[in-house]
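Notes for the one structure printed next.
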Amino acid sequence: MTATRTTARGVFAITDVLLAQVDPADAQPLASVAGVPGGGLVVSGDKEAKMAVRYLRGRGFQQLMLPDRQRYKGRNRLPAAHPFDSNWISWQRDLGLPVIMPDAGYVAATDLNGLQTVLRNSAAIPGAIAPLALANWWLYGAGLRLLLTELAQVSVPIAVIIEHAGDPFGANRILQGLLAVIRSGIPVIPLRCDTSAVGLLAHGALAAAYGGTTALRHLYPQRAGGGGTPGKESALWPAGLALHYRDLLHDAVMATPTVPRWRCDCQICRGARLDRLAIASTYEVRQHNLACVLGLRHQLVALPAGSDRVRAWSSWCRRGEEEHAAVNTSPVFLRVPPALRHWQAAG
């Protein structure tokens, strides 16, 4: 592949930004939380996403917004070699968005031509990032070696979306693969993450996106359908550094209601106990989740980049695992996310 270079108009101005990846219906409710220095939005969808971005831009939303058309997902997803839609590019440019996100398709396992096409076509667009919606084959073994070889020949920043039926970072080989991509020196913006978005910032990602719903925290394989259990909303437990179904979290709080681990000091909860989220509106739960993740981001970036941040994140994950162990002596069991252990080993 011929070496390609691009100059991104605003991409390096988003260093250490923690974005909220949202559906268009959530964009306005979550903009009040995301619209702080170091925050921003990835609005996911087609026409509705475009309308939401235009609306928020018109209302003076000052932080970064990326429109993700998601042509890489679903039963009718497009392959990576499919051409970008020039109209999708031009409306972003006309709106003055500092970073352009093309509408790339899905990079299947072994699809080298598709990978090269997305990288080459993205690099040709001033101010663009290259969206790489990857089969997780690309994050370990022969796939990772091939990916690193191709990335070494370009300098376009990449936005990485990883296909997996669950949390991709619950598989250590995938986490280690993405960290290898970050260490390669190319600017990386992982999208569709859970709390691991903060860990990726700690390890040197340019920016990262936390998914506001289960369906936006990874890319479901076609066979898996996906989007989480209908009617189930997850709430972030800050002390445990993990998302749990809010009804289960309510039961855990009620088993030991007086211990401090159940209090939340985010801007939404203001010291209240987490069992209240069992009957809160969906929007309020999602605002709480985002406020907590942004709070972690603010703590992290107050530290010097590099080993200080890595050590801090590792210690937070260790403490999160310890909090789970303490809770699991009660009648209610909260599963420890495997990623908490993998992050400790990485740090």
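FRET efficiency for the pair S184 and S330, taken as 1/(1 + (r/R0)^6) with r the Cβ-Cβ distance and R0 = 41 Å, rounds to 0.40. Residues considered: A171, A108, A135. Largest GNM mean-square fluctuation over the chain, using C-alpha springs under 10 Å, is found at A171. For the set F169, F84, the ranking by accessible area, highest first and with no ligand, DNA or RNA atoms included, is F84, F169 under a 1.4 Å probe. Projected label points at R223 and A25, each 7 Å from Cα along the beta carbon direction, are separated by 3.0 nanometres. Computed over the stretch 100-213, the convex hull of the alpha-carbon atoms projects to a mean area of 6.5 nm². The 1.4 Å probe gives accessible areas that order H250, H244, largest first, as H250, H244. These residues, S314, S281, S90, go from largest to smallest accessible area, 1.4 Å probe, as S281, S90, S314. Given a 1.4 Å probe and the protein chains as shown, M51 ends up with an accessible area of around 130 Å².
A Förster distance of 30 Å, applied to the separation of the beta-carbon atoms of T15 and R75, puts the FRET efficiency at 0.25.
Counting heavy atoms of the protein chains alone, H342 has an accessible area of about 40 Å² for a 1.4 Å probe. Taking every protein chain into account, the accessible area of the chain amounts to 40 square angstrom per residue (probe 1.4 Å).
Within the stretch 240-267, find all residues whose amide N lies under 13 Å from a label point positioned 7 Å from the Cα of E322 along Cα-to-beta-carbon. Residues 240 fall inside that zone.
Considering all C-alpha pairs of the stretch 189-347, those separated by over 21 Å amount to 46%.
Applying 1/(1 + (r/R0)^6) with r as the Cβ-Cβ distance of R263 and A345 and R0 = 30 angstrom yields a FRET efficiency of 0.50.
Would you mind working out the magnitude of the charge dipole of the chain relative to its Cα centre, with +1 at each Lys and Arg C-beta and -1 at each Asp and Glu C-beta, to the nearest 20 Debye?
I would put it at about 240 debye.
Can you give me the % of accessible surface on the chain that is carbon or sulfur? Probe 1.4 Å, all protein chains present, nothing else counted. The value for the chain is 51 percent carbon and sulfur by accessible area. Rolling a 1.4 Å probe across all protein chains gives S184 an accessible area of roughly 70 Å². The Rg/Rh ratio of the stretch 60-127, with both radii computed over alpha carbons and Rh defined as the Kirkwood radius, is 1.01.
The values are calculated or read from the model by the stated rules, or taken from the named source; none is laboratory data. Predicted, not measured: the structure shown is a model, and the values here were computed from it. When we count neighbours, we look across all protein chains shown, and the Cβ atoms used for this are built from the backbone with ideal geometry, even at glycine. Areas reflect the complete protein model, heavy atoms only, side chains present, ligands, DNA and RNA absent. Shrake-Rupley method; radii C 1.70, N 1.55, O 1.52, S 1.80 Å.
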